[in-house]
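This report refers to the structure that appears directly beneath it.
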Amino acid sequence: MTAVAGAAAIRLPGGVDPRALENHLGGAAAANYRRFELDLVSPYCGRRILEVGSGLGEFAAGLRGYDHLTVSDTNTFCLQTLRDRFAGRVDVDVVALDVAGFAAGCEAGVEAGGRVVPVDTLIMMNVLEHVDDDVAALRRLGSLVSPGGRVVLWVPAYPALYGEFDRMVGHFRRYTPATLRARVHSAGLRVERLGPVNLLGGIAWWAAVRCAGQRSADPRLVGVYDRIVVPTTRFIERWTKVPFGQSLLCVAALPTA
């Protein structure tokens, strides 16, 4: 439901592709959802973090406890917003990183301050689904992570939920646990955790996007979703493993040797 939240919250500058702003979704308009993401991802983060596809920096701004953070994007508006947002922060670098180009062998954008950024955690929040060759992207991006480090993926789940919004923002696919596991293994990573999250969000997504064909959001519904649905699904998922959800969370490790 993040995507629906952001569409209501953002007024796009002229000429900015809405796909470039997808990771802003669930920001100020859906603070509970963003906290939900952060609480699930943060336990797997090390001291040196690279977030790929940071958008306007909503997720990155909530990260805590690191020594160094690198945020990245390829859109010029997003990059300038990231530079403004983290201006004066010696513990944060902003770099241009084209995931598709990097997957194809282009090295541009992976350096900060004249050096390749060494990280122990690489995070991709709703990014991998935008890349045609996702296995190559994971394999190449994994080369930026120290042995034994982690790659944390948050991706849209289940092809049955694929709707007009997915097409509009350039999603190549939605994943099942089996298809994501296969791609992660093919990239040479070892899965530590993989499963659906946001059960009630998946049901709401089905109703809004698949059944009603919704492409944007009513801000009033976003508020209701964030105030009521997100806390309820968090309570449910705190006590039980859910069989379905709007998204998949995958934590994968690089081999130590």
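Structure notes:
- Test: residue in segment 152-167 that is open to solvent by 20 Å² or more (accessible area, probe 1.4 Å), on the phi > 0 side of the Ramachandran plot and at pLDDT 90 or above: yes
- Of the listed requirements (1) open to solvent by 10 Å² or more (accessible area, probe 1.4 Å); (2) small (G, A, S); (3) at positive phi; (4) at pLDDT 90 or above, S42 misses just one: (3).
- Hits in segment 188-235 - residues which are at pLDDT 85 or above, open to solvent by less than 50 Å² (accessible area, probe 1.4 Å) and not in a helix (DSSP H, G or I): G188, L189, V191, L194, G195, P196, V197, N198
- Checking G88, G55 one by one, the residue that is assigned to a loop (DSSP other than H, G, I, E, B), small (G, A, S) and surrounded by fewer than 22 Cβ atoms within 10 Å (Cβ to Cβ) is G88 and no other.
- Restricting segment 168-187 to residues that are touching an Asp or Glu at 6+ places or on another chain (Cβ under 9 Å) and not in a helix (DSSP H, G or I) leaves a set whose member that is most open to solvent (accessible area, probe 1.4 Å) is F172.
- Tabulated pairs, segment 237-248, first over 16 Å from F36 (Cα atoms), second in a loop (DSSP other than H, G, I, E, B) and among the hydroxyl-bearing types (S, T, Y), C-beta under 9 angstrom, 6+ apart or interchain: F244/Y158
- Flag if A204 is in contact (Cβ under 8 Å) with a residue 24 or more places away in the chain, aliphatic (A, V, I, L, M) and over 18 Å from L249 (Cα atoms): yes
- Test for V99: is it in contact with a His (Cβ under 8 Å, 6 or more places away or on another chain), at pLDDT 95 or above and open to solvent by less than 40 Å² (accessible area, probe 1.4 Å): no
- Selection within segment 182-203 - within 20 Å of L122 (Cβ to Cβ) and over 17 Å from the mean Cα position of the chain (by Cα): A182, H185, S186, A187, G188, L189, R190, V191, E192
The values are calculated or read from the model by the stated rules, or taken from the named source; none is laboratory data. Quick caveat: nothing in here was measured; it's all calculated off a predicted structure. In this analysis, Cβ positions are derived from the backbone assuming ideal geometry, glycine residues included, and neighbour counts consider all displayed protein chains. Side chains are part of the model used for accessible areas, which takes the heavy atoms of the whole protein and leaves out ligands, DNA and RNA. Shrake-Rupley method; radii C 1.70, N 1.55, O 1.52, S 1.80 Å.
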